Amino acid sequence: MSVFKKGLTWYIDYYVEGRRRREAVGPNRKMAEKALAKRKVQIAEGRFLNIRKQSKVTFEELSEAYMKYARTNKRSWGRDGYSIKWLSGEFAGKRLRDITALSIEEYKWNVANINPAGSVKLMRVNNMRVRFLSKEECKALYLACSYHLRPIVLIALHTGIRRGEILDLGWDDVDFEHRLIRVKHTKNGEPRDIPMSEEVYFALSRLEVQAPRVFCRPGGGVIRDLRTAFANALRRANITNFAFYDLRHTFASHLVMSGVDLLTIKELLGHKSIDMTLRYSHLSPSHKRKAMESLKLLDRHFLDTCPKLSAQLQGLSACATSNAEVVKLVDTLRSGRSSRKRVGVRVPPSAFFVSPVSTENPDTYL
């Protein structure tokens, strides 16, 4: 703790719970010293900045109150429960006022006050992993699924809906008349409509209505987790390095390979940004070729770069009034007959030295 002057102003410098604080006091050194002395007393008495003494609430009491709130307001409350379970091993029995930043750091680093890796630059992680199944693997996985898991996997493969979104589906979200699935509880918070394919329509129409949710346990119980059933199916199908989320990748990847544009896939997947959808672009290199071939600014009959042939084609183009007439002239030259009689157009002698042309594709002389 100290006082110092910067410019015309005196400051005090001190620490509170390991954090450094600085305060501007004024132009007088004695005022700064008195202010610093006052701060020392307040820190010692635990009354810094008029903070009231915390109540004797324990970690368990706060955890119980929080979980009561989370069960009603958070979809991920189960994950919070696991986190609190692990934290209880360290903070159970402690009052909240006794849980400081230092104690939390000690818990994170096993009584290490300083993070030894803090100065190490982390390696860049590629989170754009795309693992998808072939059509043969899709069939093998479906056949390896248990009876209750099959329709869930089928819908994931044919709609790209996430696992949590599938398990949250209610029958009021399924519109059989218009063949749409309304996904209300999405990751980005924006509902989206997914058209039903024939396979999805058939699978949903055969399900028995047991509860408001589409997918439930026998008797209407809520399905919380699919990990064990899905892992068993993967093992039976001999599929490795694959997670349920990769069914969504499979859906998107096969759409791209079928020629569906990325903007449509973005809307079906519910991506807010096209950047997320671009991870699939490498699966369809042909879309770039198709885009280039769709550009027709100059006719191919006039694009030859061979000097000799280019001069011959220029002779033809000078005689013709349309592209179709050029094709007729080329066919005439190929047959060896006089173009004057067949087409009625004067053709210079140089034009008779053009290369043969295929009758199926007149453009092949290029």
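Taking region 138-179 on its own, how many of its residues are over 23 Å from the mean Cα position of the chain (by Cα) and over 19 Å from residue 227 (Cα atoms)? Explain how you work it out, then say what you get.
First, the residues of region 138-179 that are over 23 Å from the mean Cα position of the chain (by Cα): 139-151, 170-179.
Then keep just the ones that are over 19 Å from residue 227 (Cα atoms); that gives 139, 170-179.
Of the residues in that region, 11 qualify.
For region 158-191, which positions are of a type in the set (S, T, N, Q) and under 28 Å from residue 135 (Cβ atoms)?
First pass over region 158-191, keeping only residues of a type in the set (S, T, N, Q): 159, 186, 188.
Correct list: 159, 186.
Using beta carbons and a limit of 7 Å, which pairs, at least six apart or on different chains, have the first residue in region 179-192 and closer than 15 Å to residue 168 by Cα and touching a residue at least 40 places away in the same chain (Cβ under 8 Å) and the second one in a strand (DSSP E or B) and of a type outside the set (Lys, Arg)?
That search, which allows pairs on different chains as well, returns 183/194; 192/183.
Of the residues 252, 233, 243, which is touching a Cys at 6+ places or on another chain (Cβ under 7 Å) and either at positive phi or hydrophobic (A, V, I, L, M, F, W, C) (or both)? First the steps, then the outcome.
Values: 252 fails: touching a Cys at 6+ places or on another chain (Cβ under 7 Å); 243 fails: touching a Cys at 6+ places or on another chain (Cβ under 7 Å).
The conditions single out 233.
Is region 170-187 home to any residue that is at pLDDT below 90, in the same structural domain as residue 249 (by TED's automatic domain parsing) and farther than 21 Å from residue 220 by Cα?
yes
Each row is one residue, and each column tells you yes or no for (1) touching a His at 6+ places or on another chain (Cβ under 9 Å); (2) modelled with pLDDT of 85 or more; (3) not β-branched (Val, Ile, Thr).
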| site | (1), (2), (3) |
| --- | --- |
| 207 | no, yes, yes |
| 210 | no, no, yes |
| 237 | no, yes, yes |
| 264 | no, yes, no |
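When both residues are 6+ apart or on different chains and their Cβ atoms are under 9 Å apart, which pairs have a first residue that lies in region 6-29 and is among the charged types (D, E, K, R), and a second that is part of a loop (DSSP other than H, G, I, E, B)?
Pairs that qualify, where the first residue is among the charged types (D, E, K, R) and the partner is part of a loop (DSSP other than H, G, I, E, B), are 13/1; 17/100.
Out of all the residues in region 128-135, is one or more part of a helix (DSSP H, G or I) and at pLDDT 75 or above? Give the derivation first.
Initially, region 128-135 is screened for residues part of a helix (DSSP H, G or I), giving 135.
Restricting the remaining residues to those that are at pLDDT 75 or above gives 135.
Checked against the condition, which is being part of a helix (DSSP H, G or I) and at pLDDT 75 or above, region 128-135 yields at least one hit.
Would you please name the residue that is modelled with the lowest pLDDT, looking only at residues in region 68-115 that are assigned to a loop (DSSP other than H, G, I, E, B) and among the polar types (S, T, N, Q)? Spell out the reasoning first.
Going through region 68-115, the residues assigned to a loop (DSSP other than H, G, I, E, B) turn out to be 74-76, 92-94, 99-100, 109-115.
Still in the list and also among the polar types (S, T, N, Q): 76, 100, 110, 113, 115.
Details: 76: 71, 100: 75, 110: 59, 113: 51, 115: 54.
The residue in question is 113.
Where residues in region 268-281 are exposed (fewer than 13 other Cβ atoms within 10 Å of the Cβ) and of a type outside the set (Ser, Thr, Tyr), which of them is modelled with the highest pLDDT? Don't jump to the end; show me each part of the working.
Going residue by residue through region 268-281, those that are exposed (fewer than 13 other Cβ atoms within 10 Å of the Cβ) are 272-275.
Retained after the next criterion (residues that are of a type outside the set (Ser, Thr, Tyr)): 272, 274-275.
Numbers: 272: 85, 274: 89, 275: 86.
The extreme case among them is 274.
Table: residues versus (1) modelled with pLDDT under 90; (2) assigned by TED's automatic domain parsing to the domain that holds residue 186; (3) more than 23 Å from residue 167 (Cα to Cα).
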| site | (1), (2), (3) |
| --- | --- |
| 222 | yes, yes, no |
| 227 | no, yes, no |
| 230 | no, yes, no |
| 234 | no, yes, no |
| 240 | no, yes, yes |
| 254 | no, yes, yes |
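Going through region 224-242 one residue at a time, which ones are in contact (Cβ under 8 Å) with a residue 24 or more places away in the chain, part of a loop (DSSP other than H, G, I, E, B) and surrounded by fewer than 16 Cβ atoms within 10 Å (Cβ to Cβ)?
224, 238, 241
If the requirement is being of a type in the set (Gly, Ala, Ser) and exposed (fewer than 13 other Cβ atoms within 10 Å of the Cβ), which of these qualifies: 258, 253?
Numbers: 253 fails: exposed (fewer than 13 other Cβ atoms within 10 Å of the Cβ).
The conditions single out 258.
The values are calculated or read from the model by the stated rules, or taken from the named source; none is laboratory data. All values derive from a computational prediction rather than experimental measurement. Don't worry about glycine lacking a Cβ; one is built from the backbone with ideal geometry, like all the others, and counts go over all protein chains shown.
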